Amino acid sequence: MTPLLQITMSSLIITSWWWLQATCTARQLVFDVRDFGAVADGQTDNSKAFERAWAKACAAPGRAAVVVPAGGGGGGGGGGYLLHPVVFRGPCKGFVEVRVAGVVRAPAGLDAFRGYHEWINFAGIDGLLVTGGGTFDGRGASSWHLNDCPWKPDCVPPPSSIKLGSVRNATITGVTSLDSKFFHVTIVGSHDVEVSHVSIRAPRDSPNTDGVHIQGSTGVRITDTAVATGDDCVSVGPGSADVTVSGVSCGPGHGISVGSLGRSPGEADVRRLRVSNCTIAGTANGVRIKTWRGGQRSSAAVVSGLVFEDIVMRRVRNPIIIDQEYCPYLSCHHQSERRPSVVRISDVKFRNIRGVSATQVAVKLSCSAASPCRGVELRDIDLRYVRRGVATVSRCANVAGGVAGGTLVPPPCI
């Protein structure tokens, strides 16, 4: 090849590369919330500006982005974009990215949330990415004292921070959820959703601040995420299937839970959950299945096909627990509330779970007398008591058959 031809070919390649880059960049329409009137002063209600930016992005073909720039104060300061409850509704013409680089703050207290169950609600969307390195500050400390749900069965729950409702092909990555008033992220009636590389934080005494709650959804993946809250790091509710939880750092909080289940009639089943390669530290529970007492056998939910494996416990109070007597209220002491759970649990595997238990009972399988657990496997369990020289123990009730093998500390009770 002659030098002239080499130069010509190189120029063609460079020109083609720049043309491709320019074309790809041009394809993404960017809608900066500031262009629609948003102000990051911590005082202006930016709801209308965010909604107008969303409407433009949602109506754009191809790939569009709603951009929330940095600026206006961060951390625990008073700046950022104040945002009252909003619904970002689909369907949209194309894929929409919400790129949050700044701090978005919820209103203090609960007055602004009358009639709303969520702060930020993504609804009816196929193709969504929430990213950008920014923070969603729920300002929960202003309302946690108003939450009576921990002791009142008929309470009105405070708003969750972020909801994905009837959403498909969605990803939340590279953002922080801080101090939610209730659940941080709820995934309801949605399919093919991933939450990855997200930081979720609230104090250990903050009530009902579950990190990620999944319900009525399939194909959900929670990966490489750090959750430190006052309740479950991840909770898997009725109607969930094909859920993966991997690489999650959990604690403080209540651990990784399936349930609670069986409180309402006609709840859908929970099937095919895999929790693996997680670290759980300083929590009330490790991996847990919890179902309410009582219920109607004709509409009982089934929990089946669960695998908990390759998990490290660090000073966890109940590292492995099935609790089919779950009921946290004073009314639970009444005789009418002491009927056994009718939720049916089967095919549950606990494998390669190791570490330190903060209590002597490291494995507790308290199943229902009305519907004993079946197909439980304990394999390669090594859970030592925090006090040296004192052995951990297992306790079982109503486990109808099971398999145990490999290293087993404490000795199995199945």
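When segment 205-246 is examined, which residues are found to be in a loop (DSSP other than H, G, I, E, B), closer than 16 Å to residue 171 by Cα and hydroxyl-bearing (Ser, Thr, Tyr)?
Of everything in segment 205-246, those that are in a loop (DSSP other than H, G, I, E, B), closer than 16 Å to residue 171 by Cα and hydroxyl-bearing (Ser, Thr, Tyr) turn out to be 217, 225.
Which ones in segment 108-118 are more than 20 Å from the chain's Cα centre (by Cα), touching a residue at least 12 places away in the same chain (Cβ under 8 Å) and not in a loop (DSSP other than H, G, I, E, B)?
Correct list: 112, 113.
Residues are listed down the side, and each one gets a yes or a no for (1) more than 17 Å from residue 274 (Cα to Cα); (2) surrounded by fewer than 19 Cβ atoms within 10 Å (Cβ to Cβ); (3) touching a strand residue (DSSP E or B) at 6+ places or on another chain (Cβ under 7 Å); (4) at pLDDT 95 or above:
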{"residue": "214", "(1), (2), (3), (4)": "no, no, yes, yes"}
{"residue": "217", "(1), (2), (3), (4)": "no, no, yes, yes"}
{"residue": "225", "(1), (2), (3), (4)": "no, no, yes, yes"}
{"residue": "231", "(1), (2), (3), (4)": "yes, no, no, yes"}
{"residue": "237", "(1), (2), (3), (4)": "no, no, yes, yes"}
{"residue": "240", "(1), (2), (3), (4)": "no, no, yes, yes"}
{"residue": "245", "(1), (2), (3), (4)": "no, no, yes, yes"}
{"residue": "251", "(1), (2), (3), (4)": "yes, no, yes, yes"}
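Sort out which residues of segment 256-304 are within 22 Å of residue 375 (Cβ to Cβ) and assigned to a loop (DSSP other than H, G, I, E, B), and write them in order of number.
Passing the criteria: 262, 267, 268, 269, 295, 300, 301.
For residue 105, are the conditions met, namely being in contact (Cβ under 8 Å) with a residue 24 or more places away in the chain and basic (Lys, Arg)?
Taking the combined requirement at face value, the residue satisfies it.
Against the condition modelled with pLDDT of 95 or more, among the small types (Gly, Ala, Ser) and not in a strand (DSSP E or B), how does residue 394 come out, does it pass?
No, not satisfied.
Give 408, 383 a once-over and let me know the one that is surrounded by fewer than 20 Cβ atoms within 10 Å (Cβ to Cβ), assigned to a strand (DSSP E or B) and assigned by TED's automatic domain parsing to the domain that holds residue 292.
One residue alone meets the criteria, 408.
With respect to the numbered conditions (1) touching a strand residue (DSSP E or B) at 6+ places or on another chain (Cβ under 6 Å); (2) without any contact (Cβ under 8 Å) to a residue 60 or more places away in the chain, which one is the sole condition not fulfilled by residue 343?
With (1) touching a strand residue (DSSP E or B) at 6+ places or on another chain (Cβ under 6 Å); (2) without any contact (Cβ under 8 Å) to a residue 60 or more places away in the chain applied to residue 343, the lone miss is (2).
Any idea how many residues of segment 7-66 are modelled with pLDDT of 95 or more, over 28 Å from the mean Cα position of the chain (by Cα), among the hydrophobic types (A, V, I, L, M, F, W, C) and surrounded by fewer than 18 Cβ atoms within 10 Å (Cβ to Cβ)?
Residues meeting the conditions: 4.
Tell me the residue from 262, 255 that is touching a residue at least 60 places away in the same chain (Cβ under 8 Å), within 13 Å of the chain's Cα centre (by Cα) and either over 23 Å from residue 341 (Cβ atoms) or outside the structural domain of residue 131 (by TED's automatic domain parsing) (or both), please.
Among 262, 255, only 255 is touching a residue at least 60 places away in the same chain (Cβ under 8 Å), within 13 Å of the chain's Cα centre (by Cα) and either over 23 Å from residue 341 (Cβ atoms) or outside the structural domain of residue 131 (by TED's automatic domain parsing) (or both).
Exactly one condition in (1) without any contact (Cβ under 8 Å) to a residue 12 or more places away in the chain; (2) under 21 Å from the mean Cα position of the chain (by Cα) is not met by residue 125; state its number.
Unmet condition: (1).
So, in segment 137-164, how many residues would count as being part of a loop (DSSP other than H, G, I, E, B) and under 18 Å from residue 42 (Cβ atoms)?
Of the residues in segment 137-164, 3 are part of a loop (DSSP other than H, G, I, E, B) and under 18 Å from residue 42 (Cβ atoms).
The values are calculated or read from the model by the stated rules, or taken from the named source; none is laboratory data. This one's a predicted model, so the numbers in the text were calculated from it and none came from an experiment. When we count neighbours, we look across all protein chains shown, and the Cβ atoms used for this are built from the backbone with ideal geometry, even at glycine.
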